[in-house]
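For reference, the structure is listed below as structure tokens.
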Amino acid sequence: RSRVSARIAGITPSATLAVDAKAKALKAEGRPVIGFGAGQPDFPTPDYIVDAAAEATRERVNHGYTAAGGLPELREAIAEKTLRDSGFRCDPSQVLVTNGGKQAVYSAFATLVDPGDEVLLPAPYWTTYPESITLAGGVPVQVTADETTGYLVTVDQLEAARTDKTKVLLFNSPSNPTGAVYPREQVEAIGKWALEHGIWVITDEIYEHLVYDGITAASMPVVVPELADQTLILNGVAKTYSMTGWRVGWIIGPDDVVKAASSFQSHLCGNVSNVAQRAAQAAVAGPLDAVHSMREAFDARRKKIVSLLSDIPGVECPTPEGAFYAYPSVKALLGKEIRGERPEDTVALADLILREAEVAVVPGEAFGTPGYFRFSYALAEADLVEGVNRVANLLAEAR
Ligand code: PLP
């Protein structure tokens with residue numbers, strides 16, 4: 001018998017973390033690597049949040065176990081924040097606080113999916129989704145969109161992929177890895193389609209505040225209110241407040257499902273760190289000034305990186321409207337000779353770029369769509385310019 005269970009052995013290690021680790025290892029050797037792999041804002045957590053956490057460490061109540069579903073004050077603050085930010089009204093009892101958005105994803109699929117159930121997964125997708133669906137026994141059914149539609153899937157595509165085993169649609173707008181944001185009408189059309197067919201929606205809204213050009217990201221159960229009883233909203237503090245290391249996320253959903261997910265969590269991990277929860281409470285109950293200044297910085301870099309990437313022959317880069325990623329196609333460069341090598345896929349090309357240009361990018365294979373690179377622009381603008389220039393110089397050698 002094998003030492004590791006088939007279930008766990010079947011998990012692909014996170015490619016985004018792998019690229020980041022490779023880049024860090026090269027950096028540690030003293031090489032001047034520029035990393036576009038990171039999925040986190042490069043700003044410190046705002047002071048008032050850190051101060052709330054420091055204070056919480058000294059309160060006796062935070063030293064013991066608390067309710068598995070989350071601190072009541074935090075659940076209340078999340079319900080209020082959700083109404084403020086997306087217009088979705090819920091009761092604090094409908095909120096389950098999780099160890100980051102990642103655990104919200106795992107718990108959501110574990111709670112909704114039975115073995116054999118199909119989950120419609122628009123691609124390019126965030127690399128954690130298929131793993132969490134598979135671990136729950138579900139079958140990810142990939143529905144792919146490309147740069148010609150701005151990476152947005154249509155109702156027709158979803159309908160073509162629907163079977164009588166379809167239970168859930170995963171929806172992520174703004175998207176990791178493409179930065180695509182669905183227009184309100186398309187959110188409405190997809191929501192109505194899901195409602196009509198009794199399909200659950202898991203909507204990951206973690207990048208809700210990182211949107212540019214004055215657009216907003218519509219929340220599906222707000223646009224289609226009848227859908228609320230078959231929707232789980234996922235969110236967290238990581239991206240909005242530059243709090244990736246604090247590990248606080250949440251699920252909002254109908255009472256019965258949230259109750260079931262809380263019971264699962266009580267056995268899985270008990271409560272999320274109370275100190276981190278108190279930091280999250282200060283974050284969501286506080287102002288959005290910090291995210292607005294982060295957004296300005298990201299916006300300037302977004303414009304810069306899209307213009308630099310678009311100037312590279314063979315690179316096609318739609319303008320992302322949200323998150324902090326650009327997702328250019330490099331399909332035209334595959335199979336060409338660069339420095340005596342002929343990379344046939346984006347894993348090989350990313351490896352060549354890391355070795356020869358000392359720049360780390362994540363290949364599209366990690367997101368279900370070979371032929372693309374994900375560039376995170378959560379890095380200083382000078383590094384961004386230097387990094388893309390190095391890539392451009394190397395790719396200019398393609399013959
Ligand atoms: N959802 C999406 C789309 C993400 O990109 C991420 C992080 O990369 C998460 C959820 C989870 O974030 P965290 O677990 O740090 O809260």
Of the residues in the range 34-65, how many are over 24 Å from the mean Cα position of the chain (by Cα), crowded, with 16+ Cβ neighbours inside 10 Å and not in a helix (DSSP H, G or I)? 0
Only one of (1) assigned to a loop (DSSP other than H, G, I, E, B); (2) over 14 Å from the mean Cα position of the chain (by Cα) is not met by HIS209, so which one is it? (2)
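Please work out if VAL306 is within 20 Å of ILE34 (Cα to Cα) and touching a residue at least 40 places away in the same chain (Cβ under 8 Å). Can you show your working first?
On the way: within 20 Å of ILE34 (Cα to Cα): yes; touching a residue at least 40 places away in the same chain (Cβ under 8 Å): no.
So VAL306 does not fit the description; no.
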Going residue by residue through the range 89-100, is there one that turns out to be within 28 Å of ARG184 (Cβ to Cβ), in contact with a helix residue (DSSP H, G or I) (Cβ under 9 Å, 6 or more places away or on another chain) and of a type in the set (D, E, K, R)? yes
Could you tell me whether ILE8 is more than 16 Å from the ligand (Cβ to nearest atom) and in a helix (DSSP H, G or I)? yes
What number of residues in the range 195-225 are more than 24 Å from ALA79 (Cα to Cα) and surrounded by 18 or more Cβ atoms within 10 Å (Cβ to Cβ)? 2
Determine whether ILE190 is crowded, with 18+ Cβ neighbours inside 10 Å, of a type in the set (Val, Ile, Thr) and in the same structural domain as ARG75 (by TED's automatic domain parsing). yes
Tell me whether the range 52-73 contains one or more residues that are at pLDDT 95 or above, more than 15 Å from the ligand (Cβ to nearest atom) and closer than 21 Å to LYS239 by Cβ. yes
Out of the residues in the range 221-278 that are in contact with a Pro (Cβ under 6 Å, 6 or more places away or on another chain) and touching a residue at least 40 places away in the same chain (Cβ under 8 Å), which is farthest from the ligand (Cβ to nearest atom)? ALA228
Has the range 326-339 got at least one residue that is under 17 Å from the mean Cα position of the chain (by Cα), outside any helix (DSSP H, G or I) and either assigned by TED's automatic domain parsing to the domain that holds GLY150 or buried (at least 20 other Cβ atoms within 10 Å of the Cβ) (or both)? yes
Test for GLY30: is it buried (at least 19 other Cβ atoms within 10 Å of the Cβ), at pLDDT below 95 and over 17 Å from ALA282 (Cα atoms): no
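Does SER93 satisfy the condition of being within 14 Å of the ligand (Cβ to nearest atom), more than 20 Å from GLY179 (Cβ to Cβ), in a helix (DSSP H, G or I) and not β-branched (Val, Ile, Thr)? Show your work before the answer.
Numbers: within 14 Å of the ligand (Cβ to nearest atom): no; more than 20 Å from GLY179 (Cβ to Cβ): yes; in a helix (DSSP H, G or I): yes; not β-branched (Val, Ile, Thr): yes.
Answer is no for this residue.
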Being out of contact with any Pro (no Cβ under 9 Å at 6 or more places or on another chain) and of a type outside the set (Val, Ile, Thr) is the filter; apply it to the range 347-370 and report the residue that is surrounded by the fewest Cβ atoms within 10 Å (Cβ to Cβ). ARG355
Residue list for the range 303-315, filter: more than 15 Å from LEU395 (Cβ to Cβ) and either touching a Pro at 6+ places or on another chain (Cβ under 8 Å) or not in a helix (DSSP H, G or I) (or both): VAL306
Residue by residue through the range 151-160, note down the ones that are buried (at least 18 other Cβ atoms within 10 Å of the Cβ) and away from the ligand (no atom under 16 Å from the Cβ). LEU158
Whether any residue in the range 177-184 is surrounded by fewer than 20 Cβ atoms within 10 Å (Cβ to Cβ), of a type in the set (D, E, K, R), away from the ligand (no atom under 13 Å from the Cβ) and more than 22 Å from PRO140 (Cα to Cα) is what I want to check. yes
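Determine whether GLY116 is at positive phi and surrounded by fewer than 20 Cβ atoms within 10 Å (Cβ to Cβ). Write out each step before concluding.
On the way: at positive phi: yes; surrounded by fewer than 20 Cβ atoms within 10 Å (Cβ to Cβ): yes.
Here the answer is yes, as GLY116 does meet what is asked.
Could you count how many residues in the range 16-38 are within 16 Å of the ligand (Cβ to nearest atom) and either out of contact with any strand residue (DSSP E or B) (no Cβ under 6 Å at 6 or more places or on another chain) or not assigned by TED's automatic domain parsing to the domain that holds SER376 (or both)? Walk me through it before giving the result.
Initial filter on the range 16-38 (within 16 Å of the ligand (Cβ to nearest atom)): 16-21, 35-38.
Remaining after also requiring either out of contact with any strand residue (DSSP E or B) (no Cβ under 6 Å at 6 or more places or on another chain) or not assigned by TED's automatic domain parsing to the domain that holds SER376 (or both): 17-18, 20-21.
Final tally of qualifying residues: 4.
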Quickly run through the range 104-126 and pick out the residues that are away from the ligand (no atom under 16 Å from the Cβ) and either part of a loop (DSSP other than H, G, I, E, B) or of a type in the set (Val, Ile, Thr) (or both). THR111, VAL113, ASP114, PRO115, GLY116, ASP117
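The values are calculated or read from the model by the stated rules, or taken from the named source; none is laboratory data. Just so it is clear, the structure is predicted and the values come from calculations on it, not from any experiment. Glycine also receives a Cβ, built like all others from the backbone with ideal geometry; neighbour counts cover every protein chain displayed.
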